[in-house]
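Coordinate-derived values only; no laboratory data. Computed from a predicted structure; not experimentally measured. Positions of Cβ are generated from backbone atoms using ideal geometry, with glycine treated the same way; all protein chains shown enter the neighbour counts.
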Amino acid sequence: MLLRSMREAGVMINLIISSIQSLLGTYIFEGFALGLTFLETQLAISLFCNQLKKRYGFVIRILMMLPACIIIAYLLAILNTEVPSLFVRVTCYLLIDLLNLLFLVVCWKGRLEELLLAFSSGLAAYQVGNKFYPLLQNLNGINDRETLSLVHSGSSPIEEWEWVLFFAVRVGIYVLLALAFRPKDRLAEDKRVRRNILFVSLITVAIVTVLVCIARVYEGESAALTVVVKIFSIVFGIVVLIICAGLLTGSEKERQINILNQLMKQEKTQFESVKANMDAVNMRCHDLKHMIDKLEGKLTESETDALREAIRFYDANINTGNDVMDVVLSEKAILCEKNGIRFSCMADGKPFTFLTAAQTYSLLGNIIDNAVEALHYISDPDLKVISLVCREQDGCPVIEESNYYVGELTFRDGIPTTRKQDSGRHGFGVRSIRYIIEQYGGILSLKTVDNMFFLEVRFPKQP
């Protein structure tokens, strides 16, 4: 069944080739080579466009661009045939690359660096697929200039299934490389990333087009040189794909660091606001205590107790020996009280004075906020408890937090998944915690036991 399908496909390909031959006439070889180069490269590029958006009228744009590009490729084939020089050959293939880039820009929408990343990756993937098949021919003692067969020389006719195998191997390589190296995340908007991608694009075009074109002219003089050139092209293509993937990974890390820095700045501003508010509230609470003392005897006992309870709710009474820690823990204690959560806190803030105010506020704030979010889904009031311990253990500053949770807690990249509907900044609370800890060479440990979640932060001994 498979063999019959391959034969039928091969017959169809032969008919197409015969039609192209009658249409192109004496320029069949160059016309086929340049046209196929354009189509295959564009196919490889499109496989790396998963992060790009299609432009309005995408199909119409393709239907308009394809015949125009094929016609230009045919005109270049005429030029390359009539003026057989190295300069003209290099120029023709550079113009084919330009056509591919133009096709990409016309049909897909994205930032310049995103378009260039897809272009460079596709060009590199094409180079691997384009050289792998003829390399197999050369290793089998077959001259790839004479035939596309893998099993016999150019003197024998090409069977239908061999056409299918020829295209299947090349397209299969493009697909596999795209699955392995195409971008999974969006590029960060960064000048350095844009500059690096532009540099990689220029180098890729220069080496793939210029050097390979030059080598193609002379590789027929030596079988060994032919094999070496093809191996170099394949290795170079894979290296470019690895570099492009590395640029994307570095860009994603940089994006996350930028977000964390923005969050840290916001939290610093928030801390300063909270501290000012806490100071004002504490002053008012102090004044109200004196006023209640003066009113005692004029109010009923229940009224006095109610007023004292209201003041106690807002009166910051957490003293850790660390002013910043006092502020954040007092704020979170009020948050827990409002949410019906019992906040058990034993904190010695002196071992943590090496942290900046923003780091202390962000670290403890995110730890407690994550616990409050987890307890939001618990209905049993006896389980709505957060336990926090900040202390020094064997000379190392340690933070330990535990709380109950319900449901199944899963981890992604070592970070608990969020239940929030807006998950655009999923995990940045824990990432912020980890980012601060790693700046001091500390360790973050997260684990679950039954329905208990445990977090431990351990910093190294401080000088």
Rank by packing, highest mean first: peptides 438-449, 62-73, with packing defined as the count of other Cβ atoms within 10 Å averaged across residues.
-> 62-73, 438-449
Set the Förster radius R0 to 56 Å, insert the Cβ-Cβ distance between ALA180 and ARG391 as r into 1/(1 + (r/R0)^6), and round the FRET efficiency to 0.05.
-> 0.75
Putting +1 on Lys and Arg Cβ atoms and -1 on Asp and Glu Cβ atoms, find which of LEU363, PHE454, ILE378 reaches farthest to the positive end of the dipole of segment 319-463.
-> LEU363
Efficiency of FRET between ASN143 and VAL171 - r from beta-carbon atoms, R0 30 angstrom, step 0.05 = 0.80
Multiply the residue separation of TYR56 and ALA33 by 0.36 nm, subtract the distance between their alpha-carbon atoms, and state the gained length in nm to one decimal.
-> 5.1 nm
Contour minus Cα-Cα distance for VAL406 and LEU98 (0.36 nm per residue) = 105.2 nm
Spin-label zone in segment 373-393 - amide nitrogen under 15 Å from a point set 7 Å from the Cα of PHE454 along the C-beta vector | 387-389
Within segment 319-463, the percent of DSSP beta bridges that are antiparallel, given to the nearest 5, stands at 80 percent
